[in-house]
1. Please go through segment B:187-205 and give me each residue that is open to solvent by less than 50 Å² (accessible area, probe 1.4 Å) and in contact with an Asp or Glu (Cβ under 9 Å, 6 or more places away or on another chain), ordered by number.
2. Taking A:GLU242 as the residue in question, decide whether it is closer than 17 Å to A:THR262 by Cβ and not hydroxyl-bearing (Ser, Thr, Tyr).
3. Which residues, counting only those in segment A:260-270, are more than 7 Å from chain B (Cβ to nearest Cβ), over 9 Å from A:LEU241 (Cα atoms) and open to solvent by 10 Å² or more (accessible area, probe 1.4 Å)?
4. Does at least one position in segment B:245-253 carry a residue that is outside the structural domain of B:GLU336 (by the TED database), within 20 Å of the chain's Cα centre (by Cα) and in a strand (DSSP E or B)?
5. Checking the structure you have, find out if any residue of segment A:250-257 is within 14 Å of another protein chain (Cβ to nearest Cβ), touching a residue at least 40 places away in the same chain (Cβ under 8 Å) and surrounded by 23 or more Cβ atoms within 10 Å (Cβ to Cβ).
6. Within segment B:135-174, take every residue that is under 13 Å from the mean Cα position of the chain (by Cα) and in a loop (DSSP other than H, G, I, E, B) and give me the one that is farthest from B:VAL196 (Cα to Cα).
7. Please go through segment A:280-297 and give me each residue that is in contact (Cβ under 8 Å) with a residue 12 or more places away in the chain and either facing chain B (nearest Cβ under 7 Å) or under 23 Å from A:ALA226 (Cβ atoms) (or both), ordered by number.
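The values are calculated or read from the model by the stated rules, or taken from the named source; none is laboratory data. Values in this document were obtained by computation on a predicted structure and should not be read as measured data. Every residue, glycine among them, receives a Cβ derived from its backbone with ideal geometry; neighbour counts consider all protein chains shown. When the accessible area is computed, the model is the full protein with side chains, heavy atoms only, and any ligands, DNA or RNA have been set aside. Shrake-Rupley method; radii C 1.70, N 1.55, O 1.52, S 1.80 Å.
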There are 2 protein chains.
Amino acid sequence: MRATLIYGRGDVRVEDVPDPVLVEPGDALVRVTRACICGSDLHRYRGMEPVAEGLRIGHEFMGVVEDTGADVRSVRRGDVVLVPFLWTDNTCDFCRDGLHGSCRNGGRWAVNGLDGGQGEAARVPQADGTLVKLPVGVDDPLIPSVMALSDVLPTGHHAAVTAAVAKGSTVAVIGDGAVGLSAVLSAARLGAERIVLLGRHRDRTDLGRRFGATDVVPERGEEAVAVVRELTGGDGAPHVLECVGTTAAFETALGVVRDGGTISRVGVPQYTEARLDFDVFMRNLTVTGGVAPARRYIPELLGEVLDGTITPGEMFDLSVDLDDVAAGFRAMNDREALKVLVRP
Amino acid sequence: MRATLIYGRGDVRVEDVPDPVLVEPGDALVRVTRACICGSDLHRYRGMEPVAEGLRIGHEFMGVVEDTGADVRSVRRGDVVLVPFLWTDNTCDFCRDGLHGSCRNGGRWAVNGLDGGQGEAARVPQADGTLVKLPVGVDDPLIPSVMALSDVLPTGHHAAVTAAVAKGSTVAVIGDGAVGLSAVLSAARLGAERIVLLGRHRDRTDLGRRFGATDVVPERGEEAVAVVRELTGGDGAPHVLECVGTTAAFETALGVVRDGGTISRVGVPQYTEARLDFDVFMRNLTVTGGVAPARRYIPELLGEVLDGTITPGEMFDLSVDLDDVAAGFRAMNDREALKVLVRP
């Protein structure tokens with residue numbers, strides 16, 4: 001089959017790879033009908049040194065079940081399924097606690113010999129715990145919004161949930177990428193009254209306003225902090241959703257959070273250490289968040305996608321065929337596209 | 001009057017300083033009857049460069065009200081009072097939220113011209129919001145336990161509260177200093193079932209066991225992590241109370257905390273940055289804690305001191321006269337004393 005491999009900085013290729021086969025009795029084979037490019041794929045696209053052998057990539061996808069192992073009960077051949085960005089048993093104690101990133105029998109895509117999502121097919125381990133059967137066809141108009149449930153919307157939702165956003169909350173969202181906009185949508189869904197979106201790309205922040213942002217702050221750094229503080233009575237926002245993952249974004253979060261408030265990080269950190277100094281201590285700030293348990297959140301969010309309450313699919317502004325996936329990476333990296341769908 | 005000043009590394013002196021006088025109508029003058037040396041006083045004792053002028057020091061004290069400003073309503077001349085380690089109005093929105101470290105009209109002792117606690121007297125701003133009237137005499141046998149309420153016990157309590165320790169919790173406490181032992185006592189008070197104390201000073205960990213520790217781990221670093229994980233079924237403790245404030249202690253906390261768990265920091269951080277990397281992100285760890293709102297916690301804890309339910313005064317193992325305060329610093333610094341009372 002054909003699949004995407006990354007060879008180094010800016011070097012994405014589509015090549016022939018071995019067809020996946022069933023290995024474990026809990027596996028399913030899924031023919032991929034749509035995949036996405038994730039902002040975190042770009043970390044590797046921007047930073048990786050050249051390697052002799054390409055690495056598989058992609059972790060947001062959906063498709064049609066082609067075959068299942070002997071133990072699989074929840075899906076069968078022909079089912080249309082959504083694949084969350086982590087594969088999990090969804091039954092262990094960690095999964096029951098909503099810690100699917102710590103699943104005792106799960107893991108990530110495109111590592112340890114597993115397929116990536118940006119290809120024609122994938123072996124899905126723990127199919128019963130991982131796959132979510134969809135009540136729509138592979139070309140349904142709702143598919144872009146469904147695809148947002150593989151990773152980006154649950155990730156934004158996780159930021160809002162772990163930061164304890166609730167009815168009436170004042171929230172600051174740092175970043176107008178797809179995760180930031182998902183955090184805006186999620187905070188609005190949870191009843192936040194004031195949602196300040198920090199971002200400087202007008203088309204994106206306009207979508208953020210449609211998703212529920214009440215204020216947009218295009219300034220950056222200390223200027224942004226000053227504006228957010230002015231908007232929040234001088235004290236900052238009690239709930240800060242950090243949706244970027246850079247040191248600069250974390251510093252902005254420290255600047256805009258109210259004393260006693262919470263910063264939830266859902267942008268994959270591109271740093272090792274961050275400031276947790278005397279000032280942070282005296283202000284009783286909490287830092288939380290992490291990798292989202294998408295599998296847990298999908299059923300609830302899917303219901304609202306299906307009934308049209310939420311339309312996260314609006315974030316997709318470019319579709320490319322699998323053979324053109326490199327163009328999709330380039331467009332996202334150059335910020336010409338917000339979120340890219342890939343059609344194998 | 002006589003008061004303690006610190007001039008640099010290991011250089012503590014008692015000198016004549018101006019007698020405090022009432023300045024604001026909300027002030028009280030307090031004759032100090034007991035003060036403590038705090039572990040955080042030692043940071044300065046260990047690290048400070050020599051200075052031309054000594055700096056006042058001390059923030060844990062009690063005494064007798066000598067005089068009050070025109071606006072003071074809650075205490076009067078002759079009252080025996082406990083002084084928390086921060087002065088606060090105890091009425092602003094931050095104080096109402098339990099964020100006394102962020103009080104809009106409060107601050108710290110021994111800075112900006114204010115007296116330190118280790119002296120014969122002090123001007124207390126915001127007397128109505130700061131002072132807690134005591135129903136015991138200045139030489140009551142309960143005084144050591146009362147003095148623990150000025151800072152160290154509320155600080156340990158804050159660790160347990162912000163880490164959400166509750167009935168049945170499994171807790172790891174890092175550090176067998178007075179804050180760590182206070183955290184043990186507090187976790188036990190809140191109903192923790194398993195309390196693993198990481199510390200290697202036998203006399204201190206023995207007191208920790210009396211305060212409620214169920215296990216003591218004298219190992220350090222990676223060995224300590226391995227032992228705590230073994231004690232907790234391999235996964236670590238969901239609630240970790242970091243009562244030291246060093247990078248090593250924070251790293252140990254990261255090692256012993258269960259995925260999805262909380263590290264509450266109440267040791268004043270002696271570092272600027274700490275590890276908040278991809279691993280911390282994937283594990284969904286929460287870092288919280290900070291400076292304790294002692295004034296909020298004191299009424300509840302004082303009741304249990306007065307009725308004998310808790311005996312935090314057991315931590316005091318050395319008393320010195322004010323003139324010998326330098327010996328008290330030396331004994332604490334050399335770990336010959338756990339916690340020192342100073343008698344002006």
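1. B:ILE195, B:VAL196, B:LEU197, B:LEU198, B:GLY199, B:HIS201, B:ARG204, B:THR205
2. Against the criterion (closer than 17 Å to A:THR262 by Cβ and not hydroxyl-bearing (Ser, Thr, Tyr)), A:GLU242 qualifies.
3. If the condition is that a residue be more than 7 Å from chain B (Cβ to nearest Cβ), over 9 Å from A:LEU241 (Cα atoms) and open to solvent by 10 Å² or more (accessible area, probe 1.4 Å), then A:GLN270 is the only one that fits.
4. no
5. yes
6. B:SER150
7. Correct list: A:VAL280, A:ARG283, A:ASN284, A:LEU285, A:THR286, A:VAL287, A:THR288, A:GLY290, A:VAL291.
Conditions (1) in a loop (DSSP other than H, G, I, E, B); (2) surrounded by 15 or more Cβ atoms within 10 Å (Cβ to Cβ); (3) touching an Asp or Glu at 6+ places or on another chain (Cβ under 6 Å), marked per residue:
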site: A:ARG13; (1), (2), (3): no, no, no
site: A:PRO18; (1), (2), (3): yes, no, no
site: A:ARG46; (1), (2), (3): no, no, no
site: A:VAL64; (1), (2), (3): no, yes, no
